[in-house]
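**Q** Okay, here's the structure, questions in a sec.
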Amino acid sequence: MTSARRPVLYVGGGVLKAGATEGLRKLAELTGVPVVTTLMALGAFPDSHPQHLGMPGMHGTVAAVYGLQKADLIVALGARFDDRVTGQLDSFAPDAAVVHADIDPAEIGKNRHADVPIVGDARYVIDELIAAVTAERAAGQPADHTDWWAQLDDLRERYPLGYEESADGTLSPQYVIKRLGEIAGPDAIYVAGVGQHQMWASQFISYEKPHTWLNSGGLGTMGYAVPAAMGAKVGKPDTVVWAVDGDGCFQMTNQELATCALEGIPVKIAVINNGNLGMVRQWQTLFYNERYSNTELGTHKHRIPDFVKLAEAPAWDRRWASPRTASARWTRSATRRRPASRSSPPATPAGREVYWAVYDAPASGSSGPTWTSRRSPGSGPATWPPPVAVGDAPTGTPTSSACRCAPSPATRTRPRWPGWPPSGSGPARPVSR
Ligand SMILES: Cc1ncc(C[n+]2csc(CCOP(=O)(O)OP(=O)(O)O)c2C)c(N)n1
């Protein structure tokens, strides 16, 4: 690190698991080396830190991708050279020597040859790297990364993360997520499902602290967000927990909202409803010649329920018999600072903070997407709707270097599949092309 001209610290989720974030910051600041953090490592190094290039890989920033690709030294800490980071392995970072530190020996050299393999807990490895760099510095080996930073800064300047505003003045999902992050702030915990909304949540919310981003980045399990948010809220009842979920993912585990109501677990959920299995559709667009198959969910038509009505369906709304009772229960729960127990009176507080923000794709025949938000009645001071009301979109057109929301595809009527739906169960319905 002291003799390399273009070094990068490539940080993975292992650094968070090892509790090595303090050490990472020390190492980064001591060496002046650029840092990239993977999807699993968001929060391990503050997003706002000047040495942070962002997330690498196919959903990453231009500077982070370029940084790894052109590096002459990659120091991988608790990361695994996943294909979403490297792309095609044989053309990934061709000039880089690799120092690969991981607690799991099976990871070392699995995808990319390690010139210096280190098996160990990231916390201890980082401490030893700090000691080694300090000794080299003392022996008069200064590092000069001026040219390297000039290139990277130029890219950061020219290609920041961005997105396109919709022409009709409706809100783009990236904007909604960005505002959510600005309003809830760096102390909140954010959880996401799997898909485009997950990528936008990773890109447009600023993660400044460890363990404020929970994500299923390895297996990528749709349905992760709601139960993960519940777990986070139970573990940290005083922290605001937001789940950013997709309309597809949310349907996999939304029944757990009943558990939230029963057990008093006040999570907040933003469903980014783009009317599609957006990420898969995006791949069909980009890699499968726009041959769309089974990705249109059809907002409020066939595969997507009315989420606002769904939010009202479980028992919590009915429990607000009177605002007075509701507010008494709320106070009691808030001062207890823990979830209501099973034997406590009906768990009104849970419902009171379950907050719904629904980004709606255009219903067929309607003029465009709409933003609706629903707050359960009698639930205290509003924190959400005003800042993201339609019309609050920023002026100017941000540049785009990130993925865009897949618009709802046009629909056409096609004969039903042979034998489905069973005869007598209704007319043929429009399906996506
Ligand atoms: C259990 C499971 N099934 C399928 C997939 C494959 N998959 C990844 S993203 C995705 C679409 C997710 O759609 P949605 O929740 O609406 O999110 P969007 O991409 O539209 O934001 C699918 C089907 C998966 N990751 N997990």
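**Q** So which of Val85, Val75, Val62 is buried (at least 19 other Cβ atoms within 10 Å of the Cβ), of a type in the set (A, V, I, L, M, F, W, C), within 23 Å of Gly195 (Cα to Cα) and out of contact with any Cys (no Cβ under 6 Å at 6 or more places or on another chain)?
**A** Answer to the selection: Val85.
**Q** Separate question: Among the residues of segment 88-133, write down those that are surrounded by 14 or more Cβ atoms within 10 Å (Cβ to Cβ) and among the β-branched types (Val, Ile, Thr).
**A** The answer is Val98, Val99, Ile103, Ile108, Ile118, Val119, Val125, Ile126, Ile130, Val133.
**Q** Checking Glu29 against (1) of a type outside the set (S, T, N, Q); (2) under 21 Å from the mean Cα position of the chain (by Cα); (3) surrounded by fewer than 24 Cβ atoms within 10 Å (Cβ to Cβ), which single condition isn't satisfied?
**A** (2)
**Q** Near the ligand (Cβ under 9 Å from one of its atoms), within 11 Å of the chain's Cα centre (by Cα) and in contact (Cβ under 8 Å) with a residue 12 or more places away in the chain: which single residue out of Ser202, Ser216 fits that description? Spell out how you get there, then give the answer.
**A** Working: Ser202 fails: near the ligand (Cβ under 9 Å from one of its atoms).
After applying the criteria, what remains is Ser216.
**Q** Quick one: in segment 233-248, of everything that is small (Gly, Ala, Ser) and in contact (Cβ under 8 Å) with a residue 40 or more places away in the chain, which residue is farthest from the ligand (Cβ to nearest atom)?
**A** Ala243
**Q** Does any residue of segment 177-184 turn out to be more than 25 Å from Ser48 (Cα to Cα), within 15 Å of the ligand (Cβ to nearest atom) and outside the structural domain of Phe81 (by TED's automatic domain parsing)?
**A** No - not one qualifying residue is present in segment 177-184.
The values are calculated or read from the model by the stated rules, or taken from the named source; none is laboratory data. Here the structure is a predicted model, which is why all the values come from computation and not from measurement. Note that we place each Cβ from the backbone using ideal geometry, even for glycine, and neighbour counts take in every protein chain shown.
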